[in-house]
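Have a look at the structure below before the remarks.
The values are calculated or read from the model by the stated rules, or taken from the named source; none is laboratory data. Since the structure is predicted, the reported quantities are computational estimates derived from the model, not experimental observations. Using ideal geometry, Cβ is built from the backbone for each residue, glycine included, and neighbour counts are taken over all protein chains shown. In case anyone asks, the SASA skips ligands and DNA or RNA and just uses the protein heavy atoms, side chains included. Shrake-Rupley method; radii C 1.70, N 1.55, O 1.52, S 1.80 Å.
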Amino acid sequence: MQLARVFQDGMVLQQKKPIRFWGIADRKENIRITWNNTALWDGVVEAGKVEIIVPALDACENGTFEFSCGIRLEHIDIGEVWIAGGQSNMEFPLGCERNYISGMDSGHLVQDEHLRFYDVGEFAFKGEREEGLKPAAVHWDRWMNFDSNHAEYFSAVGAYYGQMLRKSLGVPVGIIGCNWGGTTASAWMDKSILQSDKELSVYITDYECKIAGMDLEKYEKHDLKMRTKMSSSKAMGAGNIMFLKESTKKPSFFLRKIAVLSERFMPMGPHSERRPGGLYETMVSEIAGYSCKGVIWYQGEADEHHADLYGKLFEKLIHNWRVQWQDEIPFVFVQLAPFEEWMACSGKNYPEIRKQQQIVEDTVSGTYMVSIMDAGSRYDIHPKNKKIVGERMAFMALKEIYKKINAEAHAPRIKYQERKGNEILLNFEYTGKGLVGRGDISSVISVVQEKEELDFSAYIKGDSIIINCPQLKEKDAWVSFGHKDYLEMPLFNSDGIAARPRGPEKL
């Protein structure tokens, strides 16, 4: 019998939940499984695909599984396991993060053999791994400890998230990275779900239009040529050039043009990681069913072209994953950071995506949205401070899922608004002990009447913002809060969590 590649020495398995092993057996066989010399499972496996579920275990460090067929797995930790899913801001390596200093001497991070990571190999189509042309990164498909030899490869968000859980829970923590930059949520879910939904089928239509009339033979030759060229270069690592330096200036026409032309070298097609359902087939399938506590998710930038559909798309993805895991696993996810322009990317549709993300939190059980509206970068789609992201996600998990803290992890949001003469009151919930301003709060507020923006002044009073608007008439008006592609959020709750935006609402 051969187990799936994720089951290795040094792995972390979820405590207090049944543990699922799977793999392939070449013959029918009686199998006995022991954990630290104590029998856990005894039964018969048939030839072909195998799935074995063993009873839940308590937290433990450096244990050993033995299978009577000759498999021995050592240095196994039992603790908390989280899947780190999404695109480049989740993939973003710690080695490029603003707070990271090589050698682990920054004071922010501590070497820890019981904080462990596993990154699912980034292969775009079935057979690419076996083909052997794509240079595999040194950190793919292997469990690694969080130490100075390996830390730079880990998801920066995952590293800060995992370390905060370790400090608070005192049990081993495993993070499984399943992410790839530039990918839409449609790539991470079963293609049949998109096909069966009238609105979401646009993702299939878009793909079919891209490849319509494609000379598949020519595509295959070009793709093979590019992958062969890549295979002769140095293996991929954490030092991806797009992560290294923060962009502080508006991108030039030249850089935008290069970004647009880059698709010529990695075109959409049957071998693209961006195709609908593609990474669900090649990456999610590698770990689907691996017992875990939940998912941390940072994604949405690549879905700005269908921003109004993102809420439904993400909801369907969550349901799809829960079915595959056979568990109502919680999702802790990031509301997109403020951003204006980078290379060929624009943040003009981000306000709508943020609105859609809010709908998901409000309507899908077991979902928790984290605000980082104070941690964006105007001309960089990859903000370099991932410490704030990982720690806020952990703060949320510790409050809502582990019930370990009483502080307010949710971002302040407008509960209701009311008008009294020339004054508008915006009342917020999730404020903790009250709202806190760290700058000009009027900079993120807009009052519009008769298609004209009105002048006003604003101040904080307890859980509310009071807006004084002398020009306000006894007619319909609309108030928006933080509803911009880029801004620096100046409003927080008493526990330091930045307020979340809200689109125009009629007074």
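Listing for the model above:
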| read-out | value |
| --- | --- |
| Number of the exception - Ser168 against (1) open to solvent by 40 Å² or more (accessible area, probe 1.4 Å); (2) modelled with pLDDT of 95 or more; (3) outside any helix (DSSP H, G or I) | (3) |
| Within region 216-231, considering residues that are aliphatic (A, V, I, L, M) and at pLDDT below 80, the one nearest to Pro270 (Cα to Cα) | Met226 |
| Check on Glu341, surrounded by fewer than 21 Cβ atoms within 10 Å (Cβ to Cβ), within 15 Å of the chain's Cα centre (by Cα) and touching a residue at least 40 places away in the same chain (Cβ under 8 Å) | no |
| Residues (polar (S, T, N, Q), closer than 28 Å to Met268 by Cα and touching a helix residue (DSSP H, G or I) at 6+ places or on another chain (Cβ under 9 Å)) located in region 152-195 | Ser155, Asn179, Thr183, Thr184, Ser186, Gln195 |
| Scope region 402-435; condition buried (at least 18 other Cβ atoms within 10 Å of the Cβ), in a strand (DSSP E or B) and more than 26 Å from the chain's Cα centre (by Cα); matching residues | Gln417, Ile424, Leu426, Phe428 |
| Any pair with Cβ under 9 angstrom, 6 or more apart, that starts in region 472-499 at a residue that is open to solvent by 40 Å² or more (accessible area, probe 1.4 Å) and in a loop (DSSP other than H, G, I, E, B) and ends at one that is of a type in the set (A, V, I, L, M, F, W, C) and at pLDDT below 95 | Asp476/Leu507 |
| Cβ pairs under 8 Å, 6+ apart, first in region 65-88 and of a type in the set (Ser, Thr, Tyr), second open to solvent by less than 10 Å² (accessible area, probe 1.4 Å) and assigned to a loop (DSSP other than H, G, I, E, B) | Ser88/His382 |
| Pairs, first open to solvent by 10 Å² or more (accessible area, probe 1.4 Å) in region 45-56, second among the hydrophobic types (A, V, I, L, M, F, W, C), C-beta under 6 Å, six or more apart | Ala47/Ala25; Val50/Ala25; Glu51/Trp22 |
| For Lys134: the one exception among (1) without any contact (Cβ under 8 Å) to a residue 12 or more places away in the chain; (2) over 30 Å from Asn37 (Cβ atoms); (3) not acidic (Asp, Glu) | (1) |
| Pair list, Cβ under 6 Å, 6 or more apart: region 1-27 residue open to solvent by less than 30 Å² (accessible area, probe 1.4 Å), other residue basic (Lys, Arg) and assigned to a strand (DSSP E or B) | Val12/Arg116 |
| Pair list, Cβ under 6 Å, 6 or more apart: region 185-208 residue farther than 22 Å from Trp297 by Cα and at pLDDT 95 or above, other residue among the charged types (D, E, K, R) and crowded, with 22+ Cβ neighbours inside 10 Å | Tyr207/Arg275 |
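Each row is one residue, and each column tells you yes or no for (1) among the hydrophobic types (A, V, I, L, M, F, W, C); (2) open to solvent by less than 20 Å² (accessible area, probe 1.4 Å); (3) assigned to a loop (DSSP other than H, G, I, E, B).
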site: Leu109; (1), (2), (3): yes, yes, yes
site: Arg116; (1), (2), (3): no, yes, no
site: Gly121; (1), (2), (3): no, yes, yes
site: Arg129; (1), (2), (3): no, no, no
site: Pro135; (1), (2), (3): no, yes, yes
site: Asn149; (1), (2), (3): no, no, yes
site: Gly158; (1), (2), (3): no, yes, no
site: Leu194; (1), (2), (3): yes, yes, no
site: Leu200; (1), (2), (3): yes, yes, yes
